[in-house]
Amino acid sequence: MQRAGLLIFACLLTASYQKSTPADDSYVAAVVEYEVNSNVTTNIQNYVNLIKEAADQNADIIVFPEMTLTRGQRRVLIPFHGILKQFPVPATRPDLYDEILVSISQAALDHQIYVVINVQELMDCNDASEEYCPEPKEYLFNTNVVFDRTGSVIDRYRKINLFGEFTRTPALKPDLGVFSTDFGVTFGHFICFDLMFQVPAVQVVEKHNLTDIVFTTMWFSELPYLTAVQIQQAYAYAKNVNFLAAGANNVRAGSAGSGIYSGEAGTLVSVMPGVPTTRLLVSKVPKTPGKVKEPYPGPISDDPKSMDNLVLISDPSLPSHVSRPLVQGSQEFVLTTKEVSCKFRVKLRFRNGEQGAHFRAMVKDGINTYSRRDLGVAACLVTACRNDTAESCPYRFNKGEENVEIEELAIEMTTYRLHYNTSLQCDDIVYFPISFRNNKFPLSAKNFTFTISPKMATGESYNLKSRLGQKEHLSYQLNAPQTDLVAFGVWGRIYNRDVDFNKPTTAEDLQNYLEIEDWIYKRDKKDN
């Protein structure tokens, strides 16, 4: 990696290295936005360099993205319940472990830092008596590996919810990723598409009462609800957690977006690059989410000339939302579909007498399908459109088209009541406040207010018949006028409506996925 090509952002850090302790009210975290490179040897060296860079800035923990270290034929044995119990530091026994584990273990030891990486794990059930093996065959997993300051492997988490990935197997058991640190913070961790699901994204927080989450990802952004930094901030806000998100960078494929977030305080630092790049983000993180005491850089924007290089896809279900166009001036109305009702109060002002982008209010109560999985969704939304048709939404207009000022915008949502799942020990429904501006970032948390009616106590919905049929009432509104707002709304996940069709993988599925993977990595025969 060339030093000139690496952009490092740090905030409020001391000059000399000092580890955080349990007595401190904050710790220092680093996440990496890493440009996809299919050469494993190069990636290992880059990772080692980045670990040193982070440690030099006092980071206690560094997180790398999903599938930016290994892919394809490079497979790593991680005998977490086997020889790693006897020899937990791969750096001290290079004869027993893959070069990847040895190198990262040594870097963690050398620089006294916690490290989270993601690899393609091989498990051979013909020689893995200590593991759960339903069949005597080889399995491939998408796996996070965690190292502590001594270089020991302290946790392994296998991705539960695969996005395509037909060469790999979901975790054979839905084990949650959890690890503790010497600075008094216990982290949960999961991988990319897992964020969309109750297990593990909700369960790991609520079952273990966690306040800090690590997220490795190669996210493919989708307007208007699910662009990378937008949903990262929304998750941190909705679950009131510190969220350390490291994203793979491959702008031509639509992958980019990393950041560090702190509950209802929002973004501490984030990037959503429109160019191929590797960036290290470092920030102090308060141990109590949202209790930020110092100023932070927040979103770090690209050169405006590069902003449109990131490929963004759109939710194909938008035209089927119940919707209504917005007009200049003040308006107040209600849109309803099935069990979801959205009251919109909006005031638009056309600047210089010109329309610019059009805007439309929308409501959804139904299903979205991702990777053969039906996901329950309830949403209220205002989004920009290219013209006055629903088919033209969403529309990411440019700076020159910022002719509409949204002077007021408030949404009151009447929807499915929050419900606690006593078996899973977590909520069945979560509502996320989402927004997206034309610079690819969400609104600052200070620019909106999101409230939800008081949540019922655990088990209350089962005991009080008077609760049956009642609805949840949510409010989401702007705190200041906006001219660059592309989308603003509440995106609800109704997890108890999800359906996994469990269709078997066909030869065609596998071939199509391998072709996509080759395109993503531009792999040639000389690559590892």
Original post:
Among 243-251, 289-297, what's the highest-first ranking by average C-beta atoms within 10 angstrom per residue?
Top reply: 243-251, 289-297
Original post:
So which aspartates and glutamates pass the test for LYS207, namely a Cα distance under 15 Å, with those fewer than 8 places away in the same chain ruled out?
Top reply: ASP175, ASP427, ASP428
**OP:** Report, for the stretch 210-312, the % of DSSP beta bridges that are antiparallel, rounded to 5.
**Re:** 55
Subject >> Kirkwood-Stokes translational diffusion coefficient of the stretch 280-344, alpha-carbon pairs, 10 °C, 1.306 mPa s, µm²/s >> reply: 90
**OP:** Quantify, in whole percent, the carbon and sulfur part of the accessible surface of the chain (1.4 Å probe; protein heavy atoms only).
**Re:** 49
Subject >> Lys/Arg +1, Asp/Glu -1 at C-beta; the chain dipole; positive extreme among LEU140, ILE51, THR451 >> reply: THR451
Original post:
What do you reckon, how do HIS473, HIS321 stack up by accessible area (1.4 Å probe), largest on top?
Top reply: HIS473, HIS321
Original post:
Does the chain classify as rounded, prolate or oblate by the C-alpha gyration tensor (a ≥ b ≥ c root eigenvalues; a/c under 1.5 gives rounded; else a/b over b/c gives prolate, otherwise oblate)?
Top reply: prolate
Original post:
With axes computed from alpha carbons, what is the tilt in degrees of helix 99-111 against the longest principal axis of the chain, rounded to the nearest 10 within 0 to 90?
Top reply: 80
Subject >> Electrostatic dipole magnitude of the stretch 309-426 [Cβ: Lys, Arg +1; Asp, Glu -1; Cα centre; debye, to 20] >> reply: 220
**OP:** Please label the shape of the stretch 62-148 as rounded, prolate or oblate, based on the square roots a ≥ b ≥ c of the eigenvalues of the alpha-carbon gyration tensor (a/c under 1.5 means rounded; beyond that, a/b larger than b/c means prolate, else oblate).
**Re:** oblate
Original post:
How far is helix 228-239 tilted off the main Cα axis of the chain, in degrees rounded to 10, range 0 to 90?
Top reply: 80
**OP:** Apply 1/(1 + (r/R0)^6) to the Cβ-Cβ distance of SER180 and GLN331, taking R0 = 51 Å, and write down the FRET efficiency to the nearest 0.05.
**Re:** 0.45
Subject >> Cα gyration tensor shape for the stretch 328-371, rounded if a/c is under 1.5, else prolate or oblate >> reply: oblate
Subject >> Per-residue [θ]222 nm for the chain (sum of -39500 (n - 2.57) over DSSP H runs n ≥ 4, rounded to 500) >> reply: -4000 deg cm²/dmol
Original post:
In the chain, with Lys and Arg counted as +1 and Asp and Glu as -1 at Cβ, which of these residues, MET196, VAL251, PHE80, has the Cα nearest the positive end of the dipole, that is, farthest along it?
Top reply: MET196
Subject >> Cα-centre dipole for the chain with unit charges at Cβ (Lys and Arg positive, Asp and Glu negative), debye to 20 >> reply: 940
**OP:** Count the net charge of all other residues whose Cβ sits under 12 Å from the Cβ of SER258, scoring Lys and Arg as +1 and Asp and Glu as -1.
**Re:** -2
**OP:** On each of the three principal axes of the Cα atoms of the stretch 95-197, give max minus min coordinate, whole Å, ordered largest first.
**Re:** 39, 37, 22
**OP:** For ASP124 and LYS207, calculate 0.36 nm times their separation in residues minus their Cα-Cα distance, and state this gained length in nm to one decimal.
**Re:** 26.7 nm
Original post:
How far is helix 40-56 tilted off the main Cα axis of the chain, in degrees rounded to 10, range 0 to 90?
Top reply: 80
**OP:** Evaluate the distance, in nm, between pseudo-label points positioned 7 Å from the Cα of LYS52 and of GLN18 along their respective Cα→Cβ axes.
**Re:** 2.5
**OP:** Over 23 Å, how big is the tail of the calculated P(r) for the stretch 109-260, in percent of all Cα pairs?
**Re:** 39
Original post:
Using just the C-alpha positions of the stretch 195-302 as equal point scatterers, what log10 of I(q)/I(0) does the Debye formula give at each q in 0.14, 0.20, 0.22, 0.23 1/Å?
Top reply: -0.52, -1.02, -1.20, -1.28
**OP:** Normalising by the residue count of the stretch 308-393, find the relative contact order in percent from Cα pairs under 8 Å and 6+ residues apart.
**Re:** 28
Subject >> Linear extension gain, ASP95 paired with GLU131, 0.36 nm per residue minus alpha-carbon span >> reply: 10.8 nm
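The values are calculated or read from the model by the stated rules, or taken from the named source; none is laboratory data. Remember, predicted model here, so these are calculated numbers, not experimental data. Cβ atoms come from the backbone with ideal geometry, glycine included; neighbour counts cover every protein chain shown. Side chains included, ligands, DNA and RNA excluded: accessible areas come from the protein's heavy atoms. Shrake-Rupley method; radii C 1.70, N 1.55, O 1.52, S 1.80 Å.
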